[in-house]
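I have placed the structure first, in the form of structure tokens, so that the comments after it can refer back to it.
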Amino acid sequence: MKEPWTNEMKEQIDDIEIPEERLNRSIEAAIHRGKKERRKFPVNRFLLTSSVAVVLFGLFIGSAFVSPAMASMVAKIPYLGKIVVPENGEDVVQEIADELEEKYTIMGMGVSYPEKVIQIYVEGDESYYKKVKLDVKQTAKEVLRKRHLNAYGVEVNLGKEEVMEPTEEEKRNSQEFMTIYDELAKEADKRGISLLQTSLDYGSRELQIEIPSSEDTEEEIKEILDGIVSSHGMDEISVSFKKINMEKRDQDKRWREILSLLQDDLLGKQEYKVRMVGYSVHQEPEIQAFLSLSEKDDNAKAFAEELEKAIDEVLQSDKLSSKVKDDDYHINIYSKEDKILNR
């Protein structure tokens, strides 16, 4: 790990980002039938060994005397095992989906946190659901067993497809936005203008556009937008801009990927006692692990420090160093009360 914080330890966690696709995931993890475009990740497995016992004995070996209280504390800290980066970078939910779609008709999958329940929705009628339910559950559990992820539960439910027809107004709004977006993007591309993201708030009729902070193209974009609105006889649309630091954006993407490679082990292995994970790149990158341990537990601080070392070692490994680059980073381990334990 790079140099630890020397400032006053922060008590607030306002800047914590918990990736929505993982920690708010009752969302659907779509399972694509037929040929799928797979994410490309390194395929070599890197196993990190980080034994709490070895570390602690290294700390105490030079002492002529270890007090009974100290010996008791050490005995209460479990063996943390290994933080494993998936060999293909695929998270466990997607791996289960890949296994299931070979044999069963699955509508979707998700995972809820902090409950750590993987939810699988079977597509079909009641008869098919009853026929495959136990096999589907067993398949999912077998993937978890192979990856030693003993903290997850599995629920199999009958999926119910709900088709919501858009209203006529929603259809008009959608068509209007697509017209604006297509023509704006085409003209911006001609002029070499970067549009990072574009969205329309239908209620206020405000077009929200993200552009690089290094570019001053706001007036030119407004001019293009006015021309599009006028040529199509649309009602007036306002526009607001958000400038994005591209270096920070790249850093955010890298650390989101880093967390995605760590989180299955951290969340899925009971011995880590992690209930949630998060990251932030505000000021400097930070990985956060939120434990189920109270700050009042006798061994909470020692446990947090050992978990920090295990995370730090895998961050410095060949597997992740290309993503970490030369970033100065921090690892913060939080108690059940959301107080930092490892500082």
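The values are calculated or read from the model by the stated rules, or taken from the named source; none is laboratory data. In this text the structure is predicted, and so the values were computed from the model without any measurement. Positions of Cβ are generated from backbone atoms using ideal geometry, with glycine treated the same way; all protein chains shown enter the neighbour counts. Just the protein is used for accessible areas: all its heavy atoms, side chains included, with ligands, DNA and RNA removed. Shrake-Rupley method; radii C 1.70, N 1.55, O 1.52, S 1.80 Å.
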Accessible surface of segment 212-291, 1.4 Å probe, proportion on carbon and sulfur as whole %:
42 percent
Tabulate in residue order the Karplus-calculated ³J(HN,Hα) for segment 129-136, using 6.51 cos²θ - 1.76 cosθ + 1.60 with θ = phi - 60°, rounded to whole Hz; enter x for Gly and Pro.
4, 5, 5, 9, 3, 5, 5, 4
Calculate the FRET efficiency for Glu165 and His282 from the Cβ-Cβ distance with a Förster distance of 45 Å, rounded to the nearest 0.05.
0.60
Find the accessible area per residue for segment 198-343; the probe is 1.4 Å, ligands and nucleic acids are left out, and the unit is Å².
45 Å²
Give me the distance between the Cα centres of segment 129-168 and segment 306-343, rounded to whole Å.
32 Å
Contour minus Cα-Cα distance for Asp328 and Ser292 (0.36 nm per residue):
10.2 nm
Tell me, what ³J(HN,Hα) does each residue in segment 196-206 have, in order and in whole Hz, if you take phi through Karplus 6.51 cos²θ - 1.76 cosθ + 1.60 with θ = phi - 60° and put x for Gly and Pro?
7, 7, 9, 9, 10, 8, 5, x, 8, 6, 10
Compute the relative contact order of segment 221-315 as a whole-number percentage, counting only Cα pairs closer than 8 Å that sit 6 or more residues apart in sequence.
15 percent
Quote the FRET efficiency, to the nearest 0.05, computed for Ser194 versus Ser240 with a Förster distance R0 of 22 Å and r equal to the Cβ-Cβ distance.
0.85
Using Cα pairs closer than 8 Å and at least 6 residues apart in sequence, work out the relative contact order for segment 241-292, in percent.
29 percent
Please compute P(r) over all alpha-carbon pairs of segment 165-293, binned at 10 Å starting from zero, and give each bin as a whole-number percent.
11, 30, 21, 20, 14, 4, 0
Which residues' amide hydrogens lie under 5 Å from the amide hydrogen of Glu295, considering only partners 5 or more residues apart or on another chain, with H built in the peptide plane?
Lys336, Glu337
Students often check this: by mean Cβ neighbours within 10 Å, which of 292-298, 320-326, 276-282 ranks highest, and how do the rest follow?
276-282, 292-298, 320-326
Placing +1 on the Cβ of each Lys and Arg and -1 on the Cβ of each Asp and Glu in segment 178-328, which of Pro212, Ser317, Ile228 has its Cα farthest towards the positive end of the resulting dipole?
Ser317
Which semi-axes, in whole Å and largest first, does the equivalent ellipsoid of segment 154-226 have when worked out from the alpha carbon gyration tensor as the square roots of 5 times its eigenvalues?
33, 17, 11
